[in-house]
Structures are given as structure tokens and as C-alpha cells.
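Trainee: Sharing a structure here in C-alpha cells format.
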Amino acid sequence: MKLFKKDGGSGMYDCLIVGGGIAGLQAAIQLGRYNHNVMVLDAGDGRSAICQSYHNILGYPEGVSGPELREIGRKQAEQYGVEFLIGKAESAQKEGNGFEVKAESGDTYKAKTLLLATGVMDRIPPFPELMPTLGISVYICPDCDGHEVKDKSTIVMGSGNPGANMALTLNYFTDQLTYVNHENKEVDEEIMTEMKEKGIKYVEGPIEKVLADGPDFRGVVLANGEELTSERGFMAFGGNEVKSQLAQQLGVDLHKNKHVLVDPRTKMTNVENLWAAGDVVAHSEQTTIAMGDGMQASIWIHKTLLADKG
């Protein structure tokens, strides 16, 4: 089998990856190793851009930050000739046998295949003190970081049922829990009863200020002046943004929660030559799964490109 020859002058990429997070980077590395002409269009935001430490990834027992993983991944992909462009994709359309993506800058990019790794963004309240704590002492995902609050006093900052359900989930790890319903949204009676039975303290009222010393969360001050202290924090506000707008424009089938539906074997969507990987895909939302999604998608993108070459 002959290696593909990279053609940077044709104006047509073999694959355009929208999203430079964990899934997009893993796919870019593998496609680069296949010697394909690949570009990653990355807005530079997303979950992995703000998480200061992942604790459940093989090979990083002391944790690794999202920005560090992204930097490592980008350098690794660039070794194989993958191009990176910082910018946000504004629209996408099918064009002949390929795709055309328009960036907010007005520039357009064409590719034979398209991989959407656009991710999800959690709804985080605008307290600047929170940002340095994310993944170190304040968390979002109980599967990723529930262990980090084991036997520690923990404040769940949330809204209505999502916050209450998070507190109940974390009760597996600690019985020192306080749930602050920041937005005063209604909590179902049966959930309130279960929280009470499990000894979870319930506080209703807006948070005025987050207390933190750099990466170390210390608690919150409520609008009524009351100060609540704890060793750890969790957030659960619901209403996360699933960044599947491009997929929707292209006629991709979506789950009822707006996540992208893909073939479990190939990660291709219902639209031919259009793949999706990572948190934007239904039932992902784990860094390690995002890596696997990106790898799986890239293998099938390669197979498709190989078949098209004859």
C-alpha cells in the first residue's frame, strides 16, 4: 500500500477537524500518522481548556491539566504535519463530495471528510475565583472526580433538581454535604425528602462570593451574608451547552438532549463522510472516552479516504 502524498496546494484537505480538544487532537495525531492532509480549526475554549487537573487518566497518577494535555497533543500532531488554526467555525455545508466550513473570520475551508469534535460547555456561574479551582478543589463530573471529595466536607453549588441530584450522587463518597440552591429553582419533593434522609444540608439562596485561595476552594458567602466553609466544591447547574449546531446545519441526527448520534463502530454520523467524537457525542463526556472516540473515528476516516483513492 502506498502512502498518501500530502497536497497542500489543492485547497482541499483530506480531513477538517472542528475542535482542538482531546477527541480532536487524538484524531489529528492518528490521521497525521496516516500521512493525510489535515487541519484542525480550534476555538481554543471548551472543557479541556479550563480543567486544571484530570485525576482518572492512565499514566497521570498525580493528575494532568487540560491545557497541558492540549499543548502536548498539538505538538505531537504538528510533528506529523497537521495544521492548526485558531478560530471558531460559524457554519458548515455539504458541497459535492466534501464539506465547506466557514469560520467567523469569513475564511472558508474545504475538506473531503469532516470530524466534529466541538464538545460541551458546562454552565458555570461568573465567579472568577472558580476558574483556578476547577479540577483541583471544585469539580463538575462525579464519575471523574467523586473520589476527590471522599470523606471531605463538600458544598454543591447548583440549581434545582440538577444540584440536588448531584448532592445525592456524591453522598456515596462523603456524608459531609451542603447543597446551595443558588438560583432558588424548585426541587422535587421526593428528592428533598431523600436529601433530608441522607443528612444533606439544604440552603436556598444566591451565592454572593466564592471563597478561594488560588486553586484551593474554601467555601461561599451567601447574599444574606452567611458564610459556608468546606474543603471541596461541586457544581451542577444543568442547562449545559451541547455544541452540535454545525451538526444540525448538516442534517445530522441528534439525540433528544442535542448530543450527536453516531455509529458505535465507526463514529460516523448518518451523513456520509461526516464523523463526530468526544463530548458532543451521546454518552461520551469522559476524557479517556474522547480519546477513544477520536482514535476510532480517525481509523474509519482513513479507511474511507483509502477507498476513495481506489
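Trainee: Quick check on my filter: what residues within region 190-215 are assigned to a strand (DSSP E or B) and touching a Pro at 6+ places or on another chain (Cβ under 9 Å)?
Mentor: Once the filter is applied, which keeps residues that are assigned to a strand (DSSP E or B) and touching a Pro at 6+ places or on another chain (Cβ under 9 Å), region 190-215 yields Ile207, Val210, Ala212.
Trainee: Related question: Confirm whether Phe84 is open to solvent by less than 10 Å² (accessible area, probe 1.4 Å) and in the same structural domain as Gln286 (by the TED database). So that I can check it myself, show each step before the final result.
Mentor: Values: open to solvent by less than 10 Å² (accessible area, probe 1.4 Å): no; in the same structural domain as Gln286 (by the TED database): yes.
Here the answer is no, as Phe84 does not meet what is asked.
Trainee: Scanning region 36-56 for residues that are in a loop (DSSP other than H, G, I, E, B) and touching a Gly at 6+ places or on another chain (Cβ under 8 Å), which turns out modelled with the lowest pLDDT? Full working, then the answer.
Mentor: Kept after step one, since they are in a loop (DSSP other than H, G, I, E, B), are these residues of region 36-56: 36-37, 43-46, 51-53, 55-56.
So of that shortlist, the ones also touching a Gly at 6+ places or on another chain (Cβ under 8 Å) come out as 37, 43-44, 46, 51-53, 55.
On the way: Asn37: 98, Ala43: 94, Gly44: 91, Gly46: 88, Cys51: 95, Gln52: 96, Ser53: 96, His55: 95.
Filtering first and then ranking leaves Gly46.
Trainee: Same structure again: Taking Asp45 and the conditions (1) free of Cβ contacts under 8 Å to residues at least 24 places away in the same chain; (2) open to solvent by 60 Å² or more (accessible area, probe 1.4 Å), which numbered condition does it fall short on, given that it satisfies the others?
Mentor: Of the numbered conditions (1) free of Cβ contacts under 8 Å to residues at least 24 places away in the same chain; (2) open to solvent by 60 Å² or more (accessible area, probe 1.4 Å), the odd one out for Asp45 is (1).
Trainee: Could you tell me which residue of region 64-80 is farthest from Ile136 (Cα to Cα), considering only residues that are open to solvent by 40 Å² or more (accessible area, probe 1.4 Å) and of a type outside the set (Asp, Glu)?
Mentor: Restricting to residues being open to solvent by 40 Å² or more (accessible area, probe 1.4 Å) and of a type outside the set (Asp, Glu), the top hit is Tyr80.
Trainee: Can you tell me which residue within region 87-109, out of those that are open to solvent by 60 Å² or more (accessible area, probe 1.4 Å) and outside any loop (DSSP other than H, G, I, E, B), is nearest to Ile155 (Cα to Cα)?
Mentor: Out of the qualifying residues, it is Glu90.
Trainee: If you check Ile29 against the conditions, is it outside any strand (DSSP E or B), of a type in the set (Val, Ile, Thr) and either surrounded by fewer than 16 Cβ atoms within 10 Å (Cβ to Cβ) or assigned by the TED database to the domain that holds Asp279 (or both)?
Mentor: yes
Trainee: Output the qualifying pairs, or none if there are none: Cβ atoms under 6 angstrom, residues six or more apart or on different chains, first residue in region 92-106 and without any contact (Cβ under 8 Å) to a residue 12 or more places away in the chain and under 20 Å from Ala276 (Cα atoms), second residue among the polar types (S, T, N, Q) and surrounded by 12 or more Cβ atoms within 10 Å (Cβ to Cβ).
Mentor: Pairs found: Glu100/Gln93; Glu100/Thr108.
Trainee: Please count how many residues of region 110-147 are closer than 29 Å to Leu274 by Cβ and open to solvent by less than 40 Å² (accessible area, probe 1.4 Å).
Mentor: Selection size over region 110-147: 12.
Trainee: What pairs come out if I take residues in region 280-306 that are farther than 15 Å from Pro264 by Cβ and pair them with residues that are aromatic (Phe, Trp, Tyr) and in a loop (DSSP other than H, G, I, E, B) whose C-beta lies under 6 Å away, six or more apart or interchain?
Mentor: The qualifying pairs are His302/Tyr34.
Trainee: Considering region 177-207 alone, what residues qualify as being over 17 Å from Asn240 (Cβ atoms), open to solvent by 70 Å² or more (accessible area, probe 1.4 Å) and in contact with a Gly (Cβ under 9 Å, 6 or more places away or on another chain)? Talk me through it step by step, then tell me what you get.
Mentor: Step one: filter region 177-207 for residues over 17 Å from Asn240 (Cβ atoms), giving 177-181, 184, 186-207.
Next, from what is left, pick out any that are open to solvent by 70 Å² or more (accessible area, probe 1.4 Å): 184, 186, 189-190, 194, 196-198, 201, 204.
Within region 177-207, Asn184, Glu186 meet the criteria.
Trainee: Out of region 243-270, which residues are touching a Ser or Thr at 6+ places or on another chain (Cβ under 9 Å) and not in a loop (DSSP other than H, G, I, E, B)?
Mentor: Selection gives Gln245, Leu246, Ala247, Gln249, Leu254, Val260, Met268.
The values are calculated or read from the model by the stated rules, or taken from the named source; none is laboratory data. Everything numeric in this text was worked out from a predicted model, so none of it was measured. Quick reminder, even Gly has a Cβ in these numbers, built from the backbone with ideal geometry, and neighbours come from all protein chains shown. What goes into the accessible areas is simple: the full protein's heavy atoms, side chains included, and nothing from ligands, DNA or RNA. Shrake-Rupley method; radii C 1.70, N 1.55, O 1.52, S 1.80 Å.
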